[in-house]
Amino acid sequence: MTDEFDAQRHIRNVLEKRAVLLAGPDGVALSGIEGVEGAAEMIDRDVEIGVDRLVIRPGSAFELHTHPGAHLLYVLRARGVIHVDGIDYEIGPGDTIYVPARYAHGVRTHRAAREPFELLAFGVPHMPLTSPERMTLVPEEPLAADPGPGSPARLGEAAHG
């Protein structure tokens, strides 16, 4: 844990650094998903906070999974879908999403995606992109199809409807 700012460790550009393949819980690289590690630091004994840029190629997905801690997602580019508590929500640039610790969720590109879906993922505790302990798969429920234009599962309608 540090109470001092160190520019070498605490300033990271997630747009210029080379992306790495993310590891699944079995240690095998996830197909079509890569990321760039951003700034991270220990904020308490054995607790790290950090941010990463995630890039999900068209047709790829994070299947339903949990994390040991809470995280926030911020959509940078393209449209995608987050599945939380049995409902799919369409999300896009500028949207922020809070996912509580150990809450099962999945993220995937939109069915019409032609470009990668990019997000910033802020986590507490933060785990390295290549760590098989970063997430635990939840096998009970596959991700559903995209919500249609009139579906109440579209983000704006769910949040405002």
Counting only residues that are among the charged types (D, E, K, R) and farther than 14 Å from M127 by Cβ, which one in segment 26-45 is surrounded by the fewest Cβ atoms within 10 Å (Cβ to Cβ)? R45
On the basis of being in contact (Cβ under 8 Å) with a residue 60 or more places away in the chain and of a type in the set (A, V, I, L, M), does I82 make the cut? no
Subset of segment 66-104 that is in contact with a Ser or Thr (Cβ under 6 Å, 6 or more places away or on another chain) and at pLDDT below 95 - its residue that is nearest to T136 (Cα to Cα): T66
Do we find that V124 is among the β-branched types (V, I, T), at pLDDT 90 or above, in contact with a Phe, Trp or Tyr (Cβ under 9 Å, 6 or more places away or on another chain) and under 23 Å from V36 (Cβ atoms) in this structure? no
Going by the conditions given, is R102 exposed (fewer than 15 other Cβ atoms within 10 Å of the Cβ), without any contact (Cβ under 8 Å) to a residue 60 or more places away in the chain, over 15 Å from the mean Cα position of the chain (by Cα) and not in a strand (DSSP E or B)? no
Residues satisfying the stated conditions in segment 74-99, i.e. surrounded by 17 or more Cβ atoms within 10 Å (Cβ to Cβ) and not in a strand (DSSP E or B): A78, R79, D95
Residue match in segment 65-72 (condition: open to solvent by less than 30 Å² (accessible area, probe 1.4 Å) and in contact with an Asp or Glu (Cβ under 8 Å, 6 or more places away or on another chain)): no
With E115, E157, E140, E133 as the choices, which residue is at pLDDT 90 or above, open to solvent by 70 Å² or more (accessible area, probe 1.4 Å) and of a type in the set (D, E)? E115
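The values are calculated or read from the model by the stated rules, or taken from the named source; none is laboratory data. Just so it is clear, the structure is predicted and the values come from calculations on it, not from any experiment. Neighbour counts run over all protein chains shown; Cβ positions are idealised from the backbone, glycine included. What goes into the accessible areas is simple: the full protein's heavy atoms, side chains included, and nothing from ligands, DNA or RNA. Shrake-Rupley method; radii C 1.70, N 1.55, O 1.52, S 1.80 Å.
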